[in-house]
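A quick write-up on the structure given underneath.
The values are calculated or read from the model by the stated rules, or taken from the named source; none is laboratory data. The structure displayed is predicted, hence computed values, not measured ones. Positions of Cβ are backbone-derived with ideal geometry, glycine not excepted, and every protein chain shown enters the neighbour counts. Accessible surface is based on the protein model in full, side chains and every heavy atom, while ligands, DNA and RNA are left aside. Shrake-Rupley method; radii C 1.70, N 1.55, O 1.52, S 1.80 Å.
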Amino acid sequence: MKRFFTLAALVAGFAIGGPSLAQTPAQPSTAAANPPAPSAAAAVSRFTLPNGLTVIVKPDRRAPTAVHMLWLRVGAMDEVDGTSGVAHVLEHMMFKGTPDVKPGEFSRRVAAMGGRENAFTSRDYTGYFQQIPANRLEDVMKLEADRFARNQWADEEFVKELEVVKEERRLRTEDNPRALLYENLNASAFHASPYRRPVVGWMSDLDAMTPGDARAFWQRWYVPANAAVVVAGDVDPQEVLRLAEKYYGPIPARAVPARKPREEPQQQGLRRFEFKAPAEQAYVALAFKVPRLTSLEASPENDDALALTVLAAVLDGYSGARLDRALTQGADRLADSAGAGNGLMGRGPQLFTLDGVPAPGKTTEQVEAALRAQVQRIAREGVSEAELERVKTQWVASEVYKLDSVMNQARELGNLWAQGLPLDTGERLIQRLRQVSAAQVQAVAAKYFGDDQLTVAALRPQPLDPARKKRASPAGSRH
């Protein structure tokens, strides 16, 4: 279950949305390469309109194309119990019209421009994007500003689209044993944090959701001071600012609602559960509570969050990394796959995960023990400088690859804004990661992997129903 660690992957939170926003494709391993450090990116301009809206622009004139994104610092974590999934449902409803644009017309117009568009919802944020020829930027800015300020739809449209969302949940979660397992894992690991709720929502909440729930969420959170327009590509910053002032500027200013703290209490002991579902293979996932990165300033928590990210890459950051060698190779291998990942940043608490699929004849208990043994080995013996150099070289290369895509550039800027981090965090983060020492990696391996901060989930396969057919993608789905 090899994971290639790129900066885009490090800053991207879990999202339900278009594939180009959900994750960045893995780049080839660069262990044998020695790419130069990335050159300074094109200057990023940041403006704030009088109504509080943030405008971020990054020129890239290599091709006559542009990406326009609208980011909202609101996601599933801002919902309240009983309305889980409303942020995602509202994202769907934003395509259902305004007083001047009929349902579905937004997408048809963007397609007629030769562009593509979609949207995404995560725990931390919601976003909308269009990639179009640069000379059509004004057209999509006008469309996006219109639905941001004047979203309007009939109750009948809501009822139809809600069924699409429910089918999306059935397809992506209820028909996917591992997705269901992780849904239950989050609900077990987090008690007070809103991260315990799934982004798509609990089915019972979707069943009870009303048009008023979605309209109230839009009215509460879709305000200029809680939004950022990000534009990257063949554009001029001052011209983008002029267009933003023209189309977004007239939207009335309103205060962003106060967010009450919902801190996760200290875990006091191991949590473990078994999950039974029709599946072909067993599976085990271990989730450890770990600190998150809140800034690039040196502090015990920030330093540990970075070292944990390096630890995850040493375990599972390239082909032939530690978990791959120790668990998945040889005639008596324990696992068909094994992985590790660290939740570096987010608006809520983060987890370090270890996971694996037992090989035939092996058990989840054996895989669990072997996964923990590899971390314990690093806690005892440390890591080599060669391992550190390999993952750090890959991160530097990821910065170079990132510049190939204006979509990635825009996504990273919006993500950093949503997390409240400086817009130059990309290059600075790489430099901070390169400074992580072998001693720091060894120290976090010894510090955060005890039972008291651990939740374990084991999938126990049940017989597959041969009569059950795989669901098709729901008609009209945004994603």
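Within the option set ARG347, ARG411, ARG372, being of a type in the set (D, E, K, R) and either over 26 Å from ALA445 (Cα atoms) or without any contact (Cβ under 8 Å) to a residue 40 or more places away in the chain (or both) holds for one residue only, ARG411.
When the range 329-377 is filtered for residues that are part of a loop (DSSP other than H, G, I, E, B), under 27 Å from the mean Cα position of the chain (by Cα) and surrounded by fewer than 20 Cβ atoms within 10 Å (Cβ to Cβ), only PRO349 remains. When the residues of the range 162-176 are filtered to those that are assigned to a helix (DSSP H, G or I) and open to solvent by 30 Å² or more (accessible area, probe 1.4 Å), the one that is farthest from ALA282 (Cα to Cα) is GLU163.
Right, ASP316: surrounded by 23 or more Cβ atoms within 10 Å (Cβ to Cβ), of a type in the set (Asp, Glu) and under 23 Å from ALA189 (Cα atoms) or not? Against the criterion (surrounded by 23 or more Cβ atoms within 10 Å (Cβ to Cβ), of a type in the set (Asp, Glu) and under 23 Å from ALA189 (Cα atoms)), ASP316 qualifies. MET113 meets the conditions (1) open to solvent by 40 Å² or more (accessible area, probe 1.4 Å); (2) without any contact (Cβ under 8 Å) to a residue 40 or more places away in the chain in every case but one. The failed one is (1).
The set of residues from the range 330-351 being in contact with a Pro (Cβ under 8 Å, 6 or more places away or on another chain) and under 21 Å from ALA187 (Cβ atoms) comprises GLY348, GLN350.
Only one of PHE158, PHE120 is at pLDDT 95 or above and touching a Gly at 6+ places or on another chain (Cβ under 7 Å). Can you tell me which?
Sole residue among the options that is at pLDDT 95 or above and touching a Gly at 6+ places or on another chain (Cβ under 7 Å): PHE120.
I need the full set of residues from the range 60-99 which are open to solvent by 10 Å² or more (accessible area, probe 1.4 Å), in contact with a strand residue (DSSP E or B) (Cβ under 8 Å, 6 or more places away or on another chain) and of a type in the set (Val, Ile, Thr), in order please. Listed by number, the list holds a single entry, THR65. Pairing each residue of the range 221-232 that is of a type in the set (Ser, Thr, Tyr) with any residue that is open to solvent by less than 10 Å² (accessible area, probe 1.4 Å), provided the two are 6+ apart or on different chains, yields C-beta distances under 8 Å for TYR222/LEU72; TYR222/VAL74; TYR222/PHE148.
Does SER193 satisfy being farther than 30 Å from HIS68 by Cβ, of a type in the set (Ser, Thr, Tyr), within 19 Å of the chain's Cα centre (by Cα) and surrounded by fewer than 21 Cβ atoms within 10 Å (Cβ to Cβ)?
Yes; evaluated as a whole, the condition is true for this residue.
Among the conditions (1) under 24 Å from ALA145 (Cβ atoms); (2) loosely packed, with under 14 Cβ neighbours inside 10 Å, the only one that LYS260 does not satisfy is (1). Looking across the range 188-198, the residues that are under 18 Å from VAL86 (Cβ atoms) and in a helix (DSSP H, G or I) come down to PRO194, TYR195, ARG196. Just checking, does the range 404-422 include any residue being surrounded by fewer than 19 Cβ atoms within 10 Å (Cβ to Cβ) and within 20 Å of GLY346 (Cβ to Cβ)? The answer is yes, given that some residue of the range 404-422 is surrounded by fewer than 19 Cβ atoms within 10 Å (Cβ to Cβ) and within 20 Å of GLY346 (Cβ to Cβ).
Kindly indicate the residue of the range 56-106 that is among the acidic types (Asp, Glu) and assigned to a loop (DSSP other than H, G, I, E, B) and also nearest to ALA410 (Cα to Cα) among those meeting that condition. Working first, answer last.
Restricting attention to the range 56-106, the residues satisfying the condition of being among the acidic types (Asp, Glu) are 60, 78-79, 81, 91, 100, 105.
Now restrict to residues that are assigned to a loop (DSSP other than H, G, I, E, B): 60, 79, 81, 100.
Numbers: ASP60: 11, GLU79: 26, ASP81: 32, ASP100: 28 Å.
Within the range 56-106, the match that is nearest to ALA410 (Cα to Cα) is ASP60.
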